[in-house]
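Have a look at the structure below, then the notes.
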Amino acid sequence: MANRNNRKLVPEARAALDKFKYEVASEIGVNLKQGYNGDLTAKQAGSVGGYMVKKMIQQVEQGMAGK
């Protein structure tokens, strides 16, 4: 059975992650709204999450490079 542990390591980061999610969605043209977003396709929802990960990796790499 899969481990379904989605707890945040830093619970205070929830608001920042939500803000980041809406920023990314607007950047890529996905109409994300507060609350229920069941009208999104799997492709749209996945693109938001995927782009969030891509941007987070870029930020970490830049930080590691000393920029």
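Computed about its Cα centre, the charge dipole of the chain is approximately 180 debye, with only Lys, Arg, Asp and Glu carrying charge at their Cβ.
With both labels modelled 7 Å from their Cα along Cα-to-Cβ, the GLU12 to LYS43 distance reads 4.1 nm. In this view, the solvent-accessible surface of LYS54, computed with a 1.4 Å probe and all protein chains in place, comes to about 110 Å². Need the list of aspartates and glutamates near LYS33 for cross-linking: C-alpha distance under 20 angstrom, and skip anything on the same chain fewer than eight residues off. Of all the aspartates and glutamates, those that pass the test against LYS33 - Cα under 20 Å, at least 8 places apart if same chain - are ASP18, GLU23. Solvent-accessible area of the chain (1.4 angstrom probe, protein heavy atoms only): carbon and sulfur portion equals 55 percent.
Note on VAL10: accessible area is roughly 80 Å² with a 1.4 Å probe, heavy atoms of protein only.
With the convex hull of its Cα atoms as the shape, the chain has an orientation-averaged projected area of 6.4 nm².
The values are calculated or read from the model by the stated rules, or taken from the named source; none is laboratory data. Because the structure is a prediction, the values reported are computed rather than measured. Using ideal geometry, Cβ is built from the backbone for each residue, glycine included, and neighbour counts are taken over all protein chains shown. Each accessible area value is taken on the protein alone, full model and side chains, heavy atoms only, with ligands, DNA and RNA left out. Shrake-Rupley method; radii C 1.70, N 1.55, O 1.52, S 1.80 Å.
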